[in-house]
1. Straight distance only, please: which lysines reach the Cα of residue 685 with their own Cα at less than 21 Å, same-chain residues fewer than 8 apart left out?
2. Determine, for each peptide in 358-368, 473-483, 273-283, 550-560, the mean count of other beta carbons within 10 angstrom over its residues, then list the peptides with the highest first.
3. Determine the sum of side-chain charges near residue 41: Lys and Arg each +1, Asp and Glu each -1, restricted to other residues whose C-beta is under 13 angstrom from that of residue 41.
4. What part of the accessible area of the range 561-700, given as a whole %, is carbon or sulfur when the probe is 1.4 angstrom?
5. So which aspartates and glutamates can residue 657 reach, going by Cα to Cα under 20 Å and dropping same-chain residues fewer than 8 places off?
6. What length, rounded to one decimal in nm, is gained on full extension from residue 366 through to residue 588, with 0.36 nm per residue of separation minus their alpha-carbon distance?
7. Considering only C-alpha atoms, what is the centroid distance from the range 309-338 to the range 591-605, in Å?
8. Arranged from highest to lowest average of other beta-carbon atoms within 10 Å per residue, in what order do the peptides 597-607, 640-650 appear?
Amino acid sequence: MTNDILIIGGGVVGLAIAVELRLRGASVTLLCRDFHAAASHAAAGMLAPQAEQIPPGAMLDLCWRSRSLYPEWTRKLEEISGKPTGYWACGILAPVYEDVGAHGCAPLQENNSSPAYYLDKEAIHLYQPGLSEAVEGGWWYPEDAQVDNRALTLALWSAAESLGVDLHDGIAVEGILQHQGRVIGVQTSSGNFPADRYILASGAWSSELLPLPVRPKKGQMLSVQIPDSDRADATLQRVLYAPDVYIVPRRESRSETLRERRIIIGATSEDVGFTPYNTPAGIQALLQRAIRIYPQLQDYPIREFWWGFRPTTPDELPILGNSPCSNLTLATGHYRNGILLAPITAKLIADLVWEQKSEPLLDSFSYLRFMRGSRERFGAGSRGKRAEETKRLGAEEQESNNCQLSTKNQLPITNYQLPITNNSQMQTLDLPQQQSLDRPLVIADRTFSSRLMTGTGKYRNVEEMQQSVVASGCQIVTVAVRRVQTKAPGHENLAEALDWTKLWMLPNTAGCQTAEEAIRVARLGREMAKVLGQEDNNFVKLEVIPDPKYLLPDPIGTLQAAEQLVKEGFAVLPYINADPMLAKRLEEVGCVTVMPLASPIGSGQGLKTTANIQIIIENSGVPVVVDAGIGTPSEAAQAMELGADALLINTAIAQAKNPPAMARGMKLATEAGRLAYLAGRIPIKDYAIASSPLSGTVTS
Ligand code: FAD
Ligand code: GLY
């Protein structure tokens, strides 16, 4: 039996849509990997288009419409679920430390129907007792409000449940199956779920399933408890919103065991991927800023710390509406305002899905704004866990012809445009099935169809280098930052020598003997990539090599430098000895690949570390790129047959008698090895087994 509509994601967005569609008569299934991991539980619950200074335009319209839906929407939810939502039209006060007067820092949205009042020092202190003496004035937004987002999310879940939505927590969607421009099912940790229509509402994790530019932006938070001894008239009665911190007093919560009032303090905004946990620095900064505005907080008991991941997009606007698949709708990327936007998102998406009514406002939030010049369809996805890769290949072979498993980002490399693709592996439908089911290589959310990386060093001349790079079909070219800096031979005109609109630069720290040097050079590398037009290139191939004879990397220095560079927002690809423990540690600190050596750099000795590389591959959750020592295409193929995700080959190409020919040989070998790995080799046996078996043949 198929369900009418299947929703992926159990945060406020997915749940609000589920409830709305169910109320309109749809049959709805909702799958959620982890209800409690949703940003919706981590948020502050401010309904704050004015305090958040959303500039005039479609986004502000969307926010206002949603804020105005809130009173009735929460009333209805409370009625259906029997649970409170904590909606509170408390208004938001935005204190400032310098008296700039009503015209000095007028809110962006001055000329609209939502009022904003400037309060001078006397007025603000009268209005809100307890503010620090340093507060010189502030803006009062009476129509901004708040909801207790945790209570809201629970109320939504209960409402969905009592309305008969088929709710599943703990089920992860692993892939979206597509066939001829339609989604035909989702593959999950508990089997396949078919439906007529699908809605993607998986928040910050959306790019794991589709090539959408949605990334996590981490926010740390904490809460304190208002002591009973505080006089009721002196406690906070409204949200305080400063540029670097906000303080959100909740109404009293009542349970059988607990009767208390909390204040939520938030939030950091960190570009650290899905790095979990609170940090001392994050919490310290929040507390300092909060106490600066509202000093009496300093004595309140701390109740809780937590963190969450805002789903952000390059323009910080949500992605709403149609997708390239005719029966798949998108509702993601709500960034800092997903709680606020839940009711309007639910309404507009239900109008679209259930009544085929598309409001013009939705046009401003179409995914198409990121897809200029690229194919408007999603294709095969990324690498998953290694063991699943081959299993899935087999399973899908039986299951369907021409059907694509789309898991991760595949479209964009830069500006969300297609990478150079003479390799049409991703335009899958007309290719042999085995190839079509491979996933592209994904490193730090960037997708590459080529699994061979090359370099620019050691060539006899620039022309050979240019021809070889083209012949190799590579998309990632590593460049030694130091050699470019010192204008070493072959590195003088790097900007002109290669087409950096089609190639992704991988700056490397070759020549660095210590962690400190490597960190410095990595920073220069990032600037170098910017100069070449790759503004958002944060990749670095980390090499810390103190030993000039064997050129073996320093594991401790590499780990130290990697930790620091990850903190600075780099996507770190460390070059390492084939040491499985080190590989794991590097993965744990946030490296986006590991790059074990096959044998010493430039030695051409081939695969001397096979057993260890195999262990690394087996255990790695990030792509494994075999780097250094490969001398011939047969060795390249062998490394890929082991299950390496990619290879980096430089010397064997640059120093060959005919580098472009060798580059092409390496390209073909890399592809052949990959195919062999996916196909699954036959087991090695001790004795011969006839190709034409005798059993079953007719004998006279
Ligand atoms: P989420 O709430 O993150 O839910 C996504 C769901 O999808 C999760 O349940 C997850 O398990 C599930 N999922 C993901 N991948 C899969 C998969 N493959 N298969 C199945 N399920 C999957 N907004 C406001 O309006 N006001 C605020 O004051 C506010 N403060 C914030 C403070 C912080 C610290 C943070 C982090 C966010 C804040 N936000 C705020 C933003 C708001 O929380 C988000 O925009 C909103 O929660 C996004 O909702 P969502 O349903 O899209 O995503
Ligand atoms: N909207 C508040 C936050 O995202 O931190």
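1. none
2. Going by the mean number of other Cβ atoms within 10 Å, highest first, we get 473-483, 550-560, 358-368, 273-283.
3. After counting each charged neighbour, the total is -2.
4. Carbon-and-sulfur percentage of accessible area, whole number: 55.
5. Cross-link targets: 463, 464, 635.
6. Stretched fully, the residue 366-residue 588 segment lengthens by 76.4 nm.
7. Cα centroid to Cα centroid, the span is 39 Å.
8. 640-650, 597-607
The values are calculated or read from the model by the stated rules, or taken from the named source; none is laboratory data. None of the values given here were measured: they were computed from a predicted structure. Note: ideal-geometry Cβ built from the backbone for every residue, glycine included; neighbour counts use all protein chains shown. We work out accessible area using only protein heavy atoms, side chains counted, and drop any ligands, DNA or RNA first. Shrake-Rupley method; radii C 1.70, N 1.55, O 1.52, S 1.80 Å.
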